[in-house]
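Novice: Please find one structure pasted underneath; my questions will follow.
Each value in this text was obtained by applying a stated rule to the coordinates, not by laboratory testing. Since this is a predicted model, take the numbers as computed values, not measurements. Don't worry about glycine lacking a Cβ; one is built from the backbone with ideal geometry, like all the others, and counts go over all protein chains shown.
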Amino acid sequence: MPARDSESDPRQQQPDISLRERRRPSTASTASASGAFHSAADSLLETAKDVEHRIEDALLMLWDELPHWRRDNHFIHSGYRTTSNSYRKSIWSIFYLHNEFVNIWTHLLGAISFTIGGFFLYSVIAPRYETASESDVLVFFCFFLGAFCCLGMSATYHTLCNHSPEVAKWGNKLDYTGIVFLIVGSYVPTMYYGFFCYPNLLTFYMSMICLLGLGCIAVSWFEHFRTPAWRPYRAIMFVGLGASGVVPILHALTFNSFSQLDERMGLRWVMLQGALYIFGAFLYAVRWPECRYPGRFDIWGSSHQLFHVLVVLAGATHLYGIAKAFDYHHTLASC
């Protein structure tokens, strides 16, 4: 009897088909499992976000809940950190959202950026000009040191201002000291290149600016000068320090044209820097835009935050101006 071909016998094919069907996963079952997984993941994510928001809410306060020593801007209604009495807690607060978050990070990142920029600029221009001297390095160092101190001290103050009254007062002194460092550090390279051909005037104006800076630091730190009776004098000293660069520039314009002084000290960029500072200080003084829309700019876009951004932009503008002055000084300038 001839053997039957197994391929033509349906009875032998059927078990193979059934086996394949049993092994093949159901499309509907897979889709159901995938849907359940995504649903569980979405639910877990929503729960995590809810927990995060609850934690942040527990760590934040309203204006009416603040102690007297922390009340500064009544147009900011919410987003205040709780009083920490702990350096660790205050420092940790830079990693969650509150109404000092932008103030901290704009100047913290600014301090880091200017530090990196200083090393980068040195590596680029030092080998570029054989005539570059230690004096050039020193005046640029003064600028970068001033920018780092101002932005770093400001970030430190805004980080620790919720610690305690004593630490907040100390941080406020630090903040004002940083402003002095930035003003003096910015004027040093400007005066150096602007009055390079007039060493006597350079010495006079640099000495005047440095003495005013020391005076402003003194009235910021010594308690005797921080009383209400000394408030007008403190204001006069800081205004005088800010204006101390205007007098030498006006003097220089009596024996240089505007274009000459622009090339020698980057005058246009110095003026733009001043305009940015003044505009930022104006916004901060009048508390705009939060005074117009109270409670709307609690976390993002308040006057203090805009002021911080403008300070960083002003510093970058000034750096560009003195870099151009340096370039002119080592290529075309002559006394």
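Novice: Output wanted: per-residue J couplings in Hz (rounded whole) for region 209-226, from phi through Karplus 6.51 cos²θ - 1.76 cosθ + 1.60, θ = phi - 60°, x for Gly and Pro.
Specialist: For region 209-226, the Karplus curve yields 5, 5, 5, 4, x, 4, x, 5, 5, 4, 6, 7, 9, 7, 4, 4, 8, 9 Hz.
Novice: For the pair VAL239 and CYS210, how long in nm is the line joining their label points, each one 7 Å along Cα→Cβ?
Specialist: The two pseudo-label positions are separated by 2.7 nm.
Novice: Would you grab the residues whose amide H sits under 5 Å from the one on TRP288? Only those 5+ places off in sequence or on another chain, please, with H modelled 1.01 Å from N.
Specialist: Answer set, sorted by chain and number: none.
Novice: Which order results if HIS74, HIS158, HIS224 are arranged by neighbouring Cβ count within 10 Å, fewest first?
Specialist: HIS224, HIS74, HIS158
Novice: Taking amide H positions as placed in the peptide plane 1.01 Å from N, state which residues far from ARG81 in sequence (5 or more) or on other chains have amide H under 5 Å from it.
Specialist: Correct list: MET61, ASN99.
Novice: Still on this structure, please answer the following. Can you put CYS161, CYS197 in order, fewest other beta carbons within 10 Å first?
Specialist: By the 10 Å Cβ count, ascending: CYS197, CYS161.
Novice: I need the phi-derived Karplus couplings for region 241-246: 6.51 cos²θ - 1.76 cosθ + 1.60, θ = phi - 60°, integer Hz, Gly and Pro marked x.
Specialist: Ordered by residue, 3J(HN,Hα) equals 5, x, 8, 5, x, 6 Hz.
Novice: On to the next question. Region 269-311 to region 219-244: how many Å between their Cα centroids?
Specialist: Between the Cα centres of region 269-311 and region 219-244 lies a distance of 23 Å.
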